[in-house]
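Notes follow the structure.
The values are calculated or read from the model by the stated rules, or taken from the named source; none is laboratory data. Every value quoted in this text rests on a predicted model; they were computed, and no experiment measured them. Here the Cβ positions follow ideal geometry from the backbone for every residue, glycine too, while neighbour counts run over all protein chains shown.
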Amino acid sequence: MDGSISRGEKSFAPTVFAVVLAGGKGERFWPISTEAQPKAFLRLVGSESLLQATVRRVRLELPWAQIIVVVEEKQAALVREQLPELPAANLLLEPQGRDTAAAIGLASLHLDQRDSEAIMVVLPADHYVPDGEAFVAVLRRAITVLTSYPDWVVMCGIPPTRPETGYGYLQAGEPLPAPSGAFLVRRFLEKPDRQTAERLMTDGCHYWNSGIFLWRNAAIQHLLAQHMPQVWAGLCRIREAWGMQDTLVREYGAFTKQSVDYGVLERMEGGIAMVRADFGWDDLGAWDALARVLPLDESGNVNVGEVQALDTTQSVIISDGIRVATVGLSDMIVVASKDGVLICPKDRAQEVRKIARKSQ
């Protein structure tokens, strides 16, 4: 992806809003992540849910009034239970999940009513970031970039720490004049094979795509109109009938599920910057990820709940109200809950999604 560096002419000090996307199903965390209580609402790491931890990080920088949560209507009660301080008007309900492009578009319509010059920071609700202060420092640098280039998109790139084949990557190009650690994005690379991932980890110019985006509200609306005109036309009809539930349900149901990455960003020619995100990060994509973020016993196991492991090594064993005992296992995932029991090799953790879909 090419793009010349030129500063925007507009000088402004807009309000910053965090838009937290909490609509993911977390199918690879079956049987504990269910339609009734998806991944973002689970306490997978520590005493907080992933949603609560995400909002706590944002609260280090922004007040409640500037935090918006987008979620499917059927999870509204969970959000209110876990985030009782969130203003009622800041909970945006999707009639049904239509992936990130539609959710971001809906949030942009809401911000039209609040501040026409708003900056939107888009955050997935289900990522693990242990250092909130480091996160805020990166966020401030990203806002600095956007202030200098107000019509651009700014992304947060994570320096890779392993040859990960389950993430998308960004290729950093020419550095920006300021701040340090900011670059043009040259191209996007979808989930690579193992050999390619090993090369990307060490070449110094590829970063994991964190799914954290910043843009002016007017800019993302322009990009949706340019690259996803059918979705934008539906969003305009929702805006014209703002507050009318029947219009929202009809138009939203007609949207094709599509991510903002694929629908907008990968179709752009220039105008995308990346800030190097020097904070610990994991998207906790499947059960095997817990071995990266939770303490291990002397045999390299993650044990959560009432677990007894005999001659068991390098495994993830989760008890959710059901006692679990293992004998002679290695590199396995065992999860037991009232909604089901999962047993699979760690290297096939991504395939749990197939089971979750068959169990619906």
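Screening region 244-276 for residues that are part of a loop (DSSP other than H, G, I, E, B), of a type in the set (A, V, I, L, M, F, W, C) and over 30 Å from Ser148 (Cβ atoms) and picking the one that is nearest to the chain's Cα centre (by Cα) gives Phe255. What about Pro160, is it surrounded by fewer than 22 Cβ atoms within 10 Å (Cβ to Cβ), part of a loop (DSSP other than H, G, I, E, B) and at pLDDT 95 or above? When the stated conditions are applied, Pro160 passes them.
Pairing each residue of region 227-254 that is within 22 Å of Ala89 (Cα to Cα) and touching a residue at least 40 places away in the same chain (Cβ under 8 Å) with any residue that is part of a helix (DSSP H, G or I) and hydroxyl-bearing (Ser, Thr, Tyr), provided the two are 6+ apart or on different chains, yields C-beta distances under 7 Å for Ile238/Thr247.
The residues listed here are Asp112, Asp99; of these, the one that is out of contact with any Cys (no Cβ under 7 Å at 6 or more places or on another chain), among the acidic types (Asp, Glu) and under 30 Å from Gly181 (Cβ atoms) is Asp99. Reported count of residues in region 96-128, each being out of contact with any strand residue (DSSP E or B) (no Cβ under 8 Å at 6 or more places or on another chain) and either under 19 Å from Ala76 (Cβ atoms) or buried (at least 16 other Cβ atoms within 10 Å of the Cβ) (or both), is 6. How many of the residues making up region 191-223 are charged (D, E, K, R) and in contact with a strand residue (DSSP E or B) (Cβ under 8 Å, 6 or more places away or on another chain)? Adding up the residues that qualify gives 1. Criterion applied to Leu146, Leu170, Leu139, Leu176 was being touching a residue at least 60 places away in the same chain (Cβ under 8 Å) and over 22 Å from Arg267 (Cα atoms), and the one residue passing it is Leu139. With respect to Met155, is the statement that it is out of contact with any Gly (no Cβ under 7 Å at 6 or more places or on another chain) and in a strand (DSSP E or B) true? Judged against the criteria, Met155 is a match.
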